[in-house]
Every structure is written in C-alpha cells, then in structure tokens.
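Note sheet for the following structure.
The values are calculated or read from the model by the stated rules, or taken from the named source; none is laboratory data. Predicted, not measured: the structure shown is a model, and the values here were computed from it. Here the Cβ positions follow ideal geometry from the backbone for every residue, glycine too, while neighbour counts run over all protein chains shown. All accessible areas refer to the heavy atoms of the entire protein, side chains included, with ligands and DNA or RNA removed. Shrake-Rupley method; radii C 1.70, N 1.55, O 1.52, S 1.80 Å.
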Amino acid sequence: MKTNRYLIYVGAAGAVLAIALIASFGRRDGSQVAASPSPTSSANATSSTASASATATASPGASGSPTTSPAGGRYASVLGYSIETPPPWHKSSCAPVLTQQSATPGGEFFAPVSARDETGTDIGSPYTTMGITVEANPQNLGPRQWAAQDRTGQATEQIEDVVYADRPAARKTLPLTAPGTGLFKYYVANGGRMYVVDPNVRQPMDAAVQQSLIRMIASFRFLTDSELTAARAALPTALPSRTPEQVADGIAAAMTAKNVDALSTFLSACVTTAGEQAGGSFVSREKYLDDLRVAFAAGLVVTVRARPLDGDRATGNLTIGSTWQDSRGTKERKLMLRLGENDRWVWWGTIERFQ
C-alpha cells in the first residue's frame, strides 16, 4: 500500500513539475528554486468539535452535480464522491482537466485561493490545502489497518475508529501541523477502494479558512450509481490533437510578436519554472502571462528556436531552446513541452541550467 500525502498535489502539478521532479504530478508533479515565478527571474462550517459524529453525514447533492467546483457549490467527482466547496475552496485549476477520454485520476486537490493565485513548489504550496486520494484495496484492509500502514504522517499521530460518510472509518490526529483545530485525516473504504481525506495544514491558518475546511471535510459522501454516471457524462470531450512542432512554431511566432494572448493557447493551466537539479515552482497560467506581459513592456526579448526538438518523443517530454534578454542580461532556457491526452502537446514551463 502506498498512500501518498501529496499524490494529488503532484497530480495537479503533474504535470506541472514532472521534469523538475522527473515526471513525478506526483503527481506532484529537493531543493527549491526561487519561488518568484516571473518569466524574467532566474528560477524562475462548523466548530472545532466537528468530529466523528458531526462529520458522518452530509445532505445528498443533486444527481448530475457539476464536475467543476466553483466556490460555494458541491463538487461531484468521477472518483465516486462528492464534497461541498465553501468559499473560497475549489478544486485546483492546476490539475489536468478531466474529459471523456481521461483515465481516472488517483486523487484530487482543493485550494482556498483563487485560480489565478494558485502557486507552489515541488515540496508543496505555501497555503493550507486538502487532498483526496483513492487507491485500490485488493486485500480488503479495514480503515484502521490502512491508517496504521500509512507512513506519510507523523510518529505522534493517534488513530481512532469513527464513523465517516455513514461508514466505519478511521481518523488520525494532526498533532504537529493542526493541534486543536478540529482537523483530522480520514480513511474510509468504498467499492473495493480506500479513500483518504487529508488536510495539509500550513500555519498560521486563517480562522475562516479553518472553519470552511472543517465544513468541507464534514460534507464528504459517496455518490450513488446514478450520480456517478451523471458526473462522468458531464465531462467535456478532449480537445483536438496537436503536434509538438505546432506548439513550438506557435510559441516562437508569439514570442517574436510579444503576443501574450496567442501564447495562452499553448500553455498548460499552471506553468512551471525550474532549474536543472534544483527543483521547481509553479504559478497559474494567468499569473505567468501577466508577468510576461509586464516583462515585454519593460523590454524583454525572447527568441525561441523551434528546432530541433530535444528529447525522446515516446516519453511525452520534449524541449526546445530559447534566449531571454532584458536589461539584466541574457539567459538560456529550455521550454518544456508535454504530451497530453488525445495526442495534444502543450507548453508547461521552462527549465534553466545554473552556472
């Protein structure tokens, strides 16, 4: 069994930090590069007593709940659960968009900041988050057994038997990161799989975020068969295929023209800035493009060499060369291209070698 506390987050950045972590979204996707993601940088509720009994039941959402999670709604997942997303919580926009053609993910990640403000590094985000991982349970382990074998936590965590989502469950205290907060890590089985609901607390934590997180965890429940069918049917179809050559040529033309809007069509939802052997950080596409727009206005010139495409195409990861020149000097960066579903390539970040 391998319950990974950050499985989802990597997934969300899965893409996002794949090369920095060596393909990790690890989903997620070290030493950390500078967190500043500027394109011109070098590296670039309820009360706390909401416990076992209070978290047991949430009112059912409507069948066919949307599979996106705008703050204030209820998110229905193709993983077979639904959960409230009280403001400001939402499913991370950094996670790859699921479509009718997508493989079922191993987990999902929720953030309490706006989509534009999502950020992080290969070791996590600077704000409290919550992940839900789902793994096959072929040995039919009970929640307590699963929790006892989960080595991702802290030695001082205590395991309790509780009822959660109307099922027998286990929960772990979070003595170091969330003492006295009313937050726990839950383990609950359903349909031959184990679900782990895991708040990843960053202190200090805003009281409003804490209470909304407690409320969100308390709302977790499993979908009925008809709700799960509706959630799957609501997924969009995949975008058309696109070759790495098309992406490279498009980026080169847009950089030459300093056309930030044109670049947006080639970028992934979140963009990584990494250093070779030095980890990486990521920001939202919107933040990255805003920074790039400012840099262009200040005189940045980027020259992209669309050929050759370096790397092994079969691995789904390629790079092209580029030169970034501004008032501070000149830097060489590789632009990282990644293969997505339906043979659609995207640009998902830059990587730089430090001298």
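Go through the stretch 145-184 and give me each residue that's β-branched (Val, Ile, Thr), open to solvent by 30 Å² or more (accessible area, probe 1.4 Å) and over 13 Å from ASP198 (Cα atoms). Residues satisfying the conditions are THR156, ILE159, VAL163.
The numbered conditions (1) more than 28 Å from GLY124 (Cβ to Cβ); (2) in contact with a strand residue (DSSP E or B) (Cβ under 6 Å, 6 or more places away or on another chain); (3) of a type in the set (Asp, Glu) are all true for ASP312 except (2).
Scanning the stretch 185-217 for residues that are buried (at least 22 other Cβ atoms within 10 Å of the Cβ) and over 15 Å from LYS172 (Cβ atoms) gives LEU213, ILE214, MET216. Evaluated against (1) over 27 Å from VAL134 (Cβ atoms); (2) outside any helix (DSSP H, G or I); (3) among the aromatic types (Phe, Trp, Tyr), PHE282 falls short on exactly one condition, (1). ARG353 meets the conditions (1) of a type in the set (D, E, K, R); (2) at pLDDT below 95; (3) surrounded by 20 or more Cβ atoms within 10 Å (Cβ to Cβ) in every case but one. The failed one is (3).
Only one of the numbered conditions (1) farther than 27 Å from TYR288 by Cα; (2) in a helix (DSSP H, G or I); (3) β-branched (Val, Ile, Thr) is violated by VAL209, and that is (1).
When each of THR121, THR129 is tested for being farther than 13 Å from VAL188 by Cα, at pLDDT 95 or above and β-branched (Val, Ile, Thr), the lone residue that passes is THR129.
May I ask you to list the residues in the stretch 99-144 that are more than 27 Å from ALA178 (Cα to Cα), touching a helix residue (DSSP H, G or I) at 6+ places or on another chain (Cβ under 9 Å), open to solvent by 20 Å² or more (accessible area, probe 1.4 Å) and of a type in the set (Val, Ile, Thr)? Of everything in the stretch 99-144, nothing turns out to be more than 27 Å from ALA178 (Cα to Cα), touching a helix residue (DSSP H, G or I) at 6+ places or on another chain (Cβ under 9 Å), open to solvent by 20 Å² or more (accessible area, probe 1.4 Å) and of a type in the set (Val, Ile, Thr).
Look at the stretch 244-260: where a residue is more than 13 Å from LEU300 (Cβ to Cβ) and a partner is assigned to a helix (DSSP H, G or I), sitting 6+ places away or on another chain with Cβ atoms under 6 Å, you get ALA254/ALA262; ALA254/LEU263.
Can you say whether ALA148 is out of contact with any Asp or Glu (no Cβ under 6 Å at 6 or more places or on another chain), among the hydrophobic types (A, V, I, L, M, F, W, C) and under 25 Å from SER82 (Cβ atoms), as far as the supplied structure shows? Step through it out loud before you land on a result.
Values: out of contact with any Asp or Glu (no Cβ under 6 Å at 6 or more places or on another chain): yes; among the hydrophobic types (A, V, I, L, M, F, W, C): yes; under 25 Å from SER82 (Cβ atoms): no.
So ALA148 fails the test.
Of all the residues that make up the stretch 97-138, how many are of a type in the set (Val, Ile, Thr) and in a strand (DSSP E or B)?
The number of residues fulfilling the criteria is 6.
Taking the condition outside any strand (DSSP E or B), in contact with a helix residue (DSSP H, G or I) (Cβ under 9 Å, 6 or more places away or on another chain) and not small (Gly, Ala, Ser), does LEU289 pass? Yes. Within the stretch 218-249, the set of residues being open to solvent by 20 Å² or more (accessible area, probe 1.4 Å) and β-branched (Val, Ile, Thr) comprises THR224, THR229, THR237, THR243.
The condition of being over 19 Å from THR265 (Cα atoms), out of contact with any helix residue (DSSP H, G or I) (no Cβ under 9 Å at 6 or more places or on another chain) and open to solvent by less than 60 Å² (accessible area, probe 1.4 Å) holds for only one of THR330, THR323, that being THR323.
Within the stretch 250-271, can one find any residue that is assigned to a strand (DSSP E or B), open to solvent by less than 70 Å² (accessible area, probe 1.4 Å), in contact with a Cys (Cβ under 8 Å, 6 or more places away or on another chain) and β-branched (Val, Ile, Thr)? No, the stretch 250-271 contains no residue that is assigned to a strand (DSSP E or B), open to solvent by less than 70 Å² (accessible area, probe 1.4 Å), in contact with a Cys (Cβ under 8 Å, 6 or more places away or on another chain) and β-branched (Val, Ile, Thr).
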